[in-house]
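K.L.:
One structure is given below, represented as structure tokens, and several questions about it will come after.
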Amino acid sequence: MVSAVFHSPIEAIAPDAAPRDLKVVPKAAANDAPSAAAPAPVRKLPFDWRGLWLRVLPPLAGLGLLVVLWEIVSVTTAGSIPTPRDTWAQAVDVFSNPFYSNGPNDQGVGWNVLSSLQRVAMGFGLAALVGIPAGFAIGRFTFLSRMFNPLIALLRPVSPLAWLPIGLLVFKGANPAAIWTIFICSIWPMIINTAVGVQRVPQDYMNVARVLNLSEWKIVTKILFPAVLPYMLTGVRLAVGTAWLVIVAAEMLTGGVGIGFWVWDEWNNLNVKNIIIAIFVIGIVGLLLEYALIKLASAFTFEEVKS
């Protein structure tokens, strides 16, 4: 049996026996074709103008609407509410020297904000030292949960300012009473969110801990704390927001140096421009606190944290 192998006619011709009329296409010169080792040209993507406008235009439209409504209210109240232009001129004057001090009752807006933030930090820090461990204990042990849940349900709805007279009576001072009010309003979100986070830890984790015969300290640090951290940070965000709201009202009642006292003092002086400026300062500081805590929560959680 004979097998035939077919070759191309060009392959069958030997190189030295190639006919003269057979033309060989020459290779392209090195300078005519791009080198294989040369990097590919980077294609520039067009700038996303639409995405930029979707980010910038809505906030600007909202601020513009606020200014327009503000101007309308100022006109309809015959100037009782100052116009945005007049308030802006007053704000430039206020922030030209925010840290002046002419005595305990006449200080710049910077010192007032710092005093309020100091009270919030002290009250919130004490609440974190008490509330987070208490939340772990309540969520971890059923007996403690059943013991403290009725007390938390009873005391949590009480207005924070209702605790201010108790603080004045016990601590005999306006500043400790304000810190006490911050403490009592900040502790509930941290206790509740931490306890809920502990109770939602999968039971499989606890079963593994029993099999490995882990100590209670190991269970808390290696199992519970990483799992509860997102819940705990949510409680911290809620507590800080509540504390910043409460400190303004508490300082209106207790006096001294603080952004709340500054608002009340300007009202006594019938300086509406400074009251509006204080409202914006309170809002901006609260916004910055919220943004900082969102960034902190995003750094320690895998899920996207939404404001």
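K.L.:
Could you please rank 86, 93, 204, 265, placing first whichever residue has the fewest other Cβ atoms within 10 Å of its Cβ?
P.N.:
Lowest count first: 204, 93, 86, 265.
K.L.:
Something else about it: Are there trypsin sites (Lys or Arg not before Pro) in segment 145-254 that DSSP puts in a loop and that have at most 13 other Cβ atoms within 10 Å, and which ones? Don't jump to the answer; show the numbers that get you there.
P.N.:
Numbers: sites: 146, 172, 200, 210, 218, 222, 237; in loops: 172, 200.
Within segment 145-254, the qualifying trypsin sites (Lys or Arg not before Pro) (loop, at most 13 other Cβ atoms within 10 Å) are 172, 200.
K.L.:
What is the Cα radius of gyration of segment 214-288 over 2.2 N^0.38 Å, N being its residue count? The partial results should precede the final answer.
P.N.:
Details: Rg = 19.5 Å, N = 75, 2.2 N^0.38 = 11.3 Å.
Compactness ratio reported: 1.71.
K.L.:
Oh, and also: Can you put 198, 130 in order of Cβ neighbours within 10 angstrom, beginning with the fewest?
P.N.:
Details: 198 23, 130 15.
Ranked by crowding around the Cβ, least crowded first: 130, 198.
K.L.:
For segment 142-200, what is the Kirkwood hydrodynamic radius in Å, using each pair of distinct C-alpha atoms?
P.N.:
About 12.6 Å, per the Kirkwood formula over Cα pairs.
K.L.:
Hey, could you get me the Stokes-Einstein D for segment 53-110, Kirkwood radius over alpha-carbon pairs, 20 °C and 1.002 mPa s, rounded to whole µm² s⁻¹?
P.N.:
Numbers: Rh = 13.8 Å.
Estimated via Stokes-Einstein, D reaches 156 µm²/s.
K.L.:
Using a 10 Å cut-off around each Cβ, can you sort 188, 262 from fewest to most neighbouring Cβ atoms? All intermediate terms of the calculation are to be shown ahead of the outcome.
P.N.:
Working: 188 21, 262 27.
Lowest to highest Cβ neighbour count: 188, 262.
The numbers here are math on the coordinates, done by the rules we state, and not lab data. Because the structure is a prediction, the values reported are computed rather than measured. We place every Cβ from the backbone using ideal geometry, glycine too, and count neighbours over all the protein chains shown.
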